[in-house]
Amino acid sequence: MVKVTVIIPYPELLGRAEEALRSHALPGVEHEIIHAYGTAVENLRFGGSDIVLARGLTRQALARHCAEATVLELGVTAYDIIRAVQECLKRHAARRIAVIAADAVLHNVEVLQEIVNADLKFFRVRNEREIFAALEEAKREGFASVVGGLTASTLARESGWPAVHIRTSDETLRQSIKEAMNVASVMQNERAKAEISRSILNNAKEAILYFDRTGRLSLFNPRARDLLGPPPGGSFAGRPAEELVSDPEMLELIRTRREGRGLIKTVNQATLVCDFVPVRVAEQAIGIICTFQRAREIQAAESRIRRELHKKGLVAKYTFADLVHASAVMSESIAIAGKYGEAGANVLLVGETGTGKELFAQSIHNSSPRRERPFVAVNCGAFPANLLESELFGYVEGSFSGAARGGRTGLFELAHGGTLFLDEIGEIPLNLQAALLRAVQEGEIRRIGDDRMIPVDVRIIAASNRDLRENAADGRFRPDLLYRLDVLSLTIPPLRERREDIGLVAEHYLRHFCRKYGTKVPKWSLEALEALNGHDWPGNVRELKNVCERVAVLGARDGTILREQVTQMLAAAARRSGRVSAPVRAEPEKGEPAGPEDTLRLAEFLGIGKSDLANLLGISRTTLWRRTGRGGKGPGTDKKVSG
């Protein structure tokens, strides 16, 4: 808030001053009007005014006594003086006129002698005493009347002189108030800038110091005081750099006012990152700004940034508990992968398409010490070579045509502190494998178009559906990169090698997709389950998921999934993919129930007891008892499965 006070010398100005103030009002600027004249201003109270607008002797007196405010002149123009002289000539018929006023009122008025038809003499005064002295001199020199400011004309009349008061015209009043409001606006803007600068300085995380050309401290913030500690004598301001800093390199930069960035220094047993930036005016360094920040604070900030990226989606969603299985081979693979999670070495996952390599990668990440850090996945086969390089390593602005303004952060940087999953690693071209090797081996990357190396802490989990050792032998994959990636390796079994999991996986995804589409969950018939179990699943779990999703969408006759529906879906999928459908075991004759061996084999590969199997088939336990002709449980019954 800026306050403007207008001091009017006579009451007639009040209404016009109020109107002018309203017409030039500004947000955040308040005003008041006071009636006063003369030099007795010591008792005036302006209530914290920032700008005072006054005239003549009053302005001069305020300028001497009112140091806390900006004092401006309520103007009087030459035209105002001419009008007063003409009024004096007309009213008093005196040809010799003494013009008595403050110096600011009589600025450059000698030319008026040539304009008006009168003998004028100008007396510049500063107070009432000088007014009386001017009147005495004018009397001795034979002047017959007086033109002056309100104080001078009033004292002249009281002394018996014919006198006319110089009045401020409406235009001059409006212009003076307009200029006062312009000053108020500038003052308001400067205060806002100063407050912004002060807030930035006081709330900056860095310690900030400014040394002038003599090497003395002239500006600093609270962080600088806390970081450097109290100097001898307790005061910072005006101290030479030698009393605050002991490092020779830092002192030399301050003394010579040269730039220095990213210096790692120890001050008061704290490791600091220091920057020195000279302040230049007209190409001359007039001082230097020094900023210090604790290295551990930078590391903590970087950690927070990484966690924010983690919250934005760079996160692993799956754990080993999401791997639906009952087979021993899958349990063994999960156990090995769990041990890999506890280690920090790179992992190579090998498996056919659709076996769940990314699910394993996410589970390994979530069982590792890096679980709270980012998990970043990229399919290396989905990008052309040049685009994949920019995805992995990022680029700086202007590094190539079409580069985004400001550059782009690469996946290695996004994964810092966490895990980078490189799917289809075998698709990376040889020329890019060299850059990837350096990143894996040295733990640092360089953005495209940049000359700086950026350190990264990333665990690599790579995956491939190819035999990378054969590719390395054929020259299609760098052996040195393979050895860096294949520290811990795991082969994920295909679905056909763990047929006891097929029924569980099918039931899991059927329920998942029925929830997704809001459809009723149908029952698998025994024959449909046998058809699933008899298929070779070249697409593995992904292919089985597709079958379950189609069933969830299309539904099943009478709420039961029949063998024909499954075989038709499998055959149609085989035709679309251009492969021959894998044979499925012969279907029982129509009306012929499945034999007891079939039922017991189903219970075995599902790993469940008869009660659960009966519920899955939608029949009673008694019917199931009659079908099997036995009262015992099949192998693996009542076995608990994860997922």
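Throughout, read-outs are computed from the coordinates displayed, never taken from laboratory work. Remember, predicted model here, so these are calculated numbers, not experimental data. Backbone-built Cβ (ideal geometry, glycine too); neighbour counts: all protein chains shown.
Structural remarks
- All Cα pairs of segment 325-389, percent lying beyond 19 Å: 40 percent
- Between Ser218 and Ser159, the contour length at 0.36 nm per residue exceeds the Cα-Cα span by 15.5 nm.
- On full extension, the segment bounded by Lys139 and Asn127 gains 2.5 nm, given 0.36 nm per residue less the C-alpha separation.
- Selection of trypsin sites (Lys or Arg not before Pro), segment 408-485, meeting DSSP coil and at most 13 other Cβ within 10 Å: Arg452
- Using a cut-off of 22 Å between Cα atoms, the listed pairs Lys121/Lys178; Lys339/Lys545; Lys357/Lys520; Lys317/Lys339; Lys317/Lys516 include Lys121/Lys178; Lys339/Lys545; Lys357/Lys520 as exceeding that distance.
- For Lys90, the aspartates and glutamates whose Cα comes closer than 20 Å to its Cα, not counting residues fewer than 8 places off in the same chain, are Asp80, Glu114, Asp119.
- Relative contact order (percent, whole number), segment 436-523, Cα cutoff 8 Å, 6+ residue spacing: 17 percent
- Förster-model FRET efficiency, 51 Å R0, Ser246 and Arg64, C-beta, rounded to 0.05: 0.55
- For the chain, the relative contact order works out to 9 percent when only alpha carbon pairs closer than 8 Å and six or more residues apart are counted.
- 0 to 90° range, to nearest 10: angle between helix 13-23 axis and the chain longest Cα axis: 20 degrees
- Across the options Ile428, Pro230, Ala40, the greatest Cα extent toward the positive end of the charge dipole of the chain (unit charges at beta carbon of Lys, Arg, Asp, Glu) belongs to Ile428.
- Cα-based helix-to-principal-axis angle, 563-577 vs the chain, degrees rounded to 10: 60 degrees
- Calculated semi-axes √(5λ) of the Cα gyration tensor in Å (choose from (i) 65, 30, 21; (ii) 50, 28, 23; (iii) 95, 33, 21), label: (iii)
- Applying 0.36 nm per residue to the separation of Lys178 and Ile33 and subtracting their alpha-carbon distance, the gain on full extension is 50.7 nm.
- With Cα atoms defining each centre, segment 230-291 and segment 464-519 are spaced 58 Å apart in the structure.
- The GluC sites (Glu not before Pro) of segment 141-183 that DSSP puts in a loop, and whose beta carbon has at most 16 other beta carbons within 10 Å, are Glu141.
- Degrees between helix 328-342 axis and first principal axis of the chain (Cα, 0 to 90, nearest 10): 30 degrees
- Rough spin-label spacing in nm, given labels placed 7 Å along Cα→Cβ, for Asp480 and Ser185: 6.8 nm
- Loop-located GluC sites (Glu not before Pro) in segment 1-109, at most 11 other Cβ atoms within 10 Å (DSSP): Glu12, Glu42, Glu68
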